[in-house]
Amino acid sequence: MSKIIVPELGESVTEATVGNWLKKVGDAVTAGEALVELETDKVNLEITANESGQVASIAYESGTVVKVGDVLAEITALAGDAGARQAPAPKSAQANPITPQSDASEVRATPDVRRLARAEGVNLDEIPNPNKGRITREDVTSYVAANRPATSPPPQPVTGGIITKPVSPLTEGERPFERVRMSRRRITIARRLVEAQHTAAMLTTFNEVDMSAILDVRRRRKDAFYDKHGVRLGFMSFFTKASIAALKAYPRLNAEIQGDEMILKHFYDIGVAVSTEGGLVVPVVKNADRLNFAQLEKRIGELALKARDNTLSLEDLQGGSFTITNGGVFGSLLSTPILNAPQVGILGMHKIEERPIAINGQVVVRPMMYLALSYDHRIVDGSEAVRFLVTIKELLEDPEFLLLEG
C-alpha cells in the first residue's frame, strides 16, 4: 500500500484546499495518473499516483484545507496483480505545479482546461489538435458547440475553474441566487488585501503624465522594434524602467518592514499585476534593472501568458520589491491601488485619455494618464512619495532619460 501525501508546496506555502477528486474509492489508477487537484494561494496543481493499483481510501473531501505532509489517499495493488507494482514516479511527476500532467495520449492542457473538459463530458483526445500544441479553453468550447446535440442539457457553469451549482427551482416568494465556493486563491487575495489595509499606514498620492513622447516613440519605432526583437514595444517597459530609476533615487520605496527594522533592497524585482479568471496574480520580473526594453517586454509577456494559462510556477510568484498595476487596460481613469505586502509601494497606471491642458499660456489637447502611488507612510514620508512620482512623470515625458539610465 502506498500513501499519497500533500507535497512541499514552495516557500511560505504550508496549506492547500482539496479541489476536484479525479478518482473515487475502488477506481484503478496507473503510475503518473492524476488523482486530485489542490488549490494554493499561488498556483493550482495536480497530485498523481506514485504507483499503479486501486484507490483504497480517500481521507479528505473537496473543499477541505490540508497541510504539507497530510495523507490524501491510499493506493493498494489490484487483486491478483501483486507483481504489477511499478517504481514510484519521480517527485516532479508526483506533484508539479509548473507543467500540467499529460495523460496517456500526451494531450497538453492546463488543469483549468482539463476541469472544463470534464465538466462538459469531453475527452481531450477527441478534440482536434493538428499542431500538437496545448489545448485551450476556446478549443474545448468550440468543440462542444460544434458537437453537442440540440437536445443536450446545458453544462454546469464554470467560474474561475470551479464548477458552480445551477440556480435551484424557485418556490413562491423566493428570489433567485446561487452559492459559489470561493477558490483558495480568491480567499487568500481577500485576506491579504484586508491585512494590507489593517497593518500598513497606507496613503495614495496622484499625478498625471503627458504620454505624447512615449506614443511618438512607439509610433516611429514599433515596426523596427518588432522586426528586430520579435516582440511589440508596449508601455510596461517604459513604466518599469522609470520605476526602477525612481527606486534608485528613493530607496525606501524599495524596502519592507521587519519588526523595528527597514530592509532596504538593493535589487529590483518588479511585480506586474495580471488579471486572470481565478483572480489577480502578481508574477515577478527578477532583476528587471538588468534587462533592456525588448527583454522586459518579452519577460512580461511570457509571465502574463503563463498567468492566464494557469501555468505559473512558485518561483514566478515569489519575491518582488515593488509592484506595477495597470487598471487602464479595463478603462479605469483613476484608482487607489492596495499595497502588495510586505512591499511598501505600488504604482497604478490608468487609461490614456485626451484632455485639454494649459502649456505656456495655451490650451492644447494631449494624451494624458493619471498615475497613483500607494505607499506605507510608516517608512515613506509624504514628500518622498510625491517626489518619487514626479520623477516617474519626468522620465516618462522625456524618454531619452530612460535610455541614459540604461
Quiz item: Can we say Gly331 is in the same structural domain as Ala201 (by TED's automatic domain parsing), among the small types (Gly, Ala, Ser) and within 16 Å of Leu203 (Cα to Cα)?
Solution: no
Self-check item: strands (runs of 3 or more DSSP E) enclosed by segment 324-406 - at least 2 residues per element that are crowded, with 18+ Cβ neighbours inside 10 Å and touching a Leu at 6+ places or on another chain (Cβ under 9 Å)
Solution: 345-349, 362-376
Quiz item: Only one residue in Thr48, Thr64, Thr40, Thr17 is surrounded by fewer than 18 Cβ atoms within 10 Å (Cβ to Cβ) and closer than 27 Å to Thr276 by Cβ. Which one?
Solution: Thr64
Quiz prompt | Sole residue being in contact (Cβ under 8 Å) with a residue 60 or more places away in the chain, aromatic (Phe, Trp, Tyr) and within 30 Å of Glu8 (Cβ to Cβ), chosen from Phe238, Phe322, Phe293, Phe267 | solution = Phe322
Exercise. Those residues that are charged (D, E, K, R) and in contact (Cβ under 8 Å) with a residue 12 or more places away in the chain, I need them from segment 355-406; list them, please.
Key: Arg355, Arg366, Asp376, Arg378, Glu384, Arg387, Lys393, Glu397, Asp398, Glu405
Practice problem: Of all residues in segment 281-323, count the ones that are in a loop (DSSP other than H, G, I, E, B), among the β-branched types (Val, Ile, Thr) and within 10 Å of Gly271 (Cα to Cα). | Solution: 1
Quiz item: Within segment 161-173, can one find any residue that is of a type in the set (S, T, N, Q), modelled with pLDDT under 75 and under 20 Å from Asn44 (Cβ atoms)?
Solution: yes
Practice problem: For Glu208, indicate whether it is surrounded by fewer than 22 Cβ atoms within 10 Å (Cβ to Cβ) and touching a residue at least 12 places away in the same chain (Cβ under 8 Å). | Solution: yes
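The values are calculated or read from the model by the stated rules, or taken from the named source; none is laboratory data. All figures in this text were calculated on a predicted structure; none of them were measured in a lab. Heads up, the Cβs are rebuilt from the backbone with ideal geometry, glycines too, and the neighbour counts pull from every protein chain shown.
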